[in-house]
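Engineer: Handing you a structure now.
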Amino acid sequence: MFAVQNSLNKRKLKKIFNENQQQMLSSDYIANLTDHLQQAVLAVDQSGVIVYCNDSASHYWQRGMELLLGKQNKDLFQADLLIQQKIREVLDSGKVFRIGGYVLQTPPLNERGAEIVIAPVRNESGIVDKALITLLESTAHQEFQARELEEKLSSSLGELAGAMAHEIQNPLSGIKGMLQLMQRELQSTKIKNNSISMILNEIDRVERLLKQLLLHSGPMPLDSSRFNIHELLNTVIQFEKNSIPGIKFKRIYDTSLPEINSDRDKLHQIFLNLLRNAAEASEKNSTVTVSTRFCGKWELTGTNLDPELNYTLVTVEDEGEGIAIENREKLFKPFFTTKKEGHGLGLSISFRLVKSLGGMLSYNPRDSDGSVFQVFLPEHIPVKV
């Protein structure tokens, strides 16, 4: 009796499932389910004709729905033979196909990465009569494209900056030479002229700016040598103590760290920029903390750094106001600054210099007010293949 009842229950459940399945696979149900999805959704029948598409598909292919419906799937995936082949296989076999990070080749989606799923849709007889295609543009590929575009723009800016710097520097050197000659002649006659001193100071400032612009142009030659990172940091700290009095510098060094093989002059420029920014962001009698330690392999996860290399981590921490959330993404871009006086090249140059040494410069907010900049330095400059 129990077996008979159990059999009846199974048949009843199967009937309910089949009825619900038909409702789920109806065009109206699919439309209600997919119309507001971020993914592009297409339904293709056994002859390869598109019989349904949602709003996102219309947006992805930059065509109205009426121009998509009735088209052959090969028209949308003309250069993507793999996708055409997999649609046919799903329609024939009834097996789901998935692929991640696929780079589409057919315009207008060419060169865009996507996550694609092709699933079978069965009719009331259990026969596959459609394939449902969902396509979502890959975030990772979008981020890669954004980084690639930013690097191209940065490179173009560097070339422009270099050309401008050279064009300005030559006549500026001549003007400076003539003013210095005038100043010496006036001094010999004991006539004081403060205007010339002021002009020379401004020329010196412009020359410093031009040198920084030149650092943005073209590849950077590297001069590698082995040295103790703490000796270099002490030299830079002493210079800053003399330049900006009233700021205390605290050192927390891991003295067991080995020497590194890198470009000493470029690291001097990097740490000078970071310590100067930290000191200028701090109130009088504040403390700027400089620390070093070995970088754990787990800290390299999610970065472009080589996990086969050992890294030293140098941290510069200040007690200033910190960086506003809306400004953090622009922090390392050329000419961005929150200072009343400044040209916004220090951090962008430091970022580029660290990258040229095979390392990474990052920003982290402090739990309280202030900023933390971290410099990841490899044991040696990686060889570029």
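The values are calculated or read from the model by the stated rules, or taken from the named source; none is laboratory data. Since the structure is predicted, the reported quantities are computational estimates derived from the model, not experimental observations. Here the Cβ is made from the backbone with ideal geometry for all residues, glycine too, and neighbour counts use every protein chain on show.
Engineer: If you take the residues in region 93-103 that are surrounded by 13 or more Cβ atoms within 10 Å (Cβ to Cβ) and modelled with pLDDT of 80 or more, which one is farthest from P120 (Cα to Cα)?
Structural biologist: Taking the candidates together, the pick is I99.
To keep it simple, each residue is scored yes or no on (1) surrounded by 11 or more Cβ atoms within 10 Å (Cβ to Cβ); (2) outside any loop (DSSP other than H, G, I, E, B); (3) at pLDDT below 85.
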{"position": "R293", "(1), (2), (3)": "yes, yes, no"}
{"position": "E299", "(1), (2), (3)": "yes, yes, yes"}
{"position": "T303", "(1), (2), (3)": "yes, no, yes"}
{"position": "T312", "(1), (2), (3)": "yes, yes, no"}
{"position": "G320", "(1), (2), (3)": "yes, no, yes"}
{"position": "R328", "(1), (2), (3)": "yes, yes, yes"}
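Engineer: As an exercise: evaluate V51 against (1) of a type in the set (V, I, T); (2) more than 16 Å from L136 (Cα to Cα); (3) part of a loop (DSSP other than H, G, I, E, B) and give the number of the one condition it does not meet.
Structural biologist: That leaves (3) as the condition not met.
Engineer: Within region 275-284, can one find any residue that is at pLDDT 85 or above and under 17 Å from H230 (Cα atoms)?
Structural biologist: yes
Engineer: I've got another one for you. Scan region 277-291 residue by residue and report those that are of a type in the set (D, E, K, R) and either crowded, with 17+ Cβ neighbours inside 10 Å or assigned to a strand (DSSP E or B) (or both).
Structural biologist: Quick first cut of region 277-291, residues of a type in the set (D, E, K, R) only: 280, 283-284.
Matches in region 277-291: none.
Engineer: While we're here: Out of region 236-260, which residues are surrounded by fewer than 14 Cβ atoms within 10 Å (Cβ to Cβ) and not charged (D, E, K, R)?
Structural biologist: Within region 236-260, Q238, N242, S243, P245, G246, I252, T255, S256, P258 meet the criteria.
Engineer: Give the residues of region 346-368 that are assigned to a loop (DSSP other than H, G, I, E, B) and either crowded, with 21+ Cβ neighbours inside 10 Å or modelled with pLDDT of 75 or more (or both), sorted by residue number. Spell out the reasoning first.
Structural biologist: Our first condition is that a residue be assigned to a loop (DSSP other than H, G, I, E, B); within region 346-368, this holds for 357-359, 366-368.
Within region 346-368, L357, G358, G359 qualify.
Engineer: Starting from region 282-301, take each residue that is of a type in the set (F, W, Y) and list its partners that are outside any strand (DSSP E or B), counting only C-beta distances under 9 angstrom and pairs at least six apart or across chains.
Structural biologist: Cβ pairs passing all conditions: F294/D254; F294/S256; F294/L257; F294/N310.
Engineer: In addition: Any chance region 135-147 includes a residue that's of a type outside the set (A, V, I, L, M) and modelled with pLDDT of 80 or more?
Structural biologist: Residues of region 135-147 of a type outside the set (A, V, I, L, M): 137-139, 141-145, 147.
Then drop every residue that is not modelled with pLDDT of 80 or more, which leaves none.
Checked against the condition, which is being of a type outside the set (A, V, I, L, M) and modelled with pLDDT of 80 or more, region 135-147 yields no hits at all.
Engineer: Just wondering, is there one or more residues in region 81-89 that are modelled with pLDDT of 70 or more, over 22 Å from V51 (Cβ atoms) and touching a helix residue (DSSP H, G or I) at 6+ places or on another chain (Cβ under 6 Å)?
Structural biologist: Looking through region 81-89, none of the residues is modelled with pLDDT of 70 or more, over 22 Å from V51 (Cβ atoms) and touching a helix residue (DSSP H, G or I) at 6+ places or on another chain (Cβ under 6 Å).
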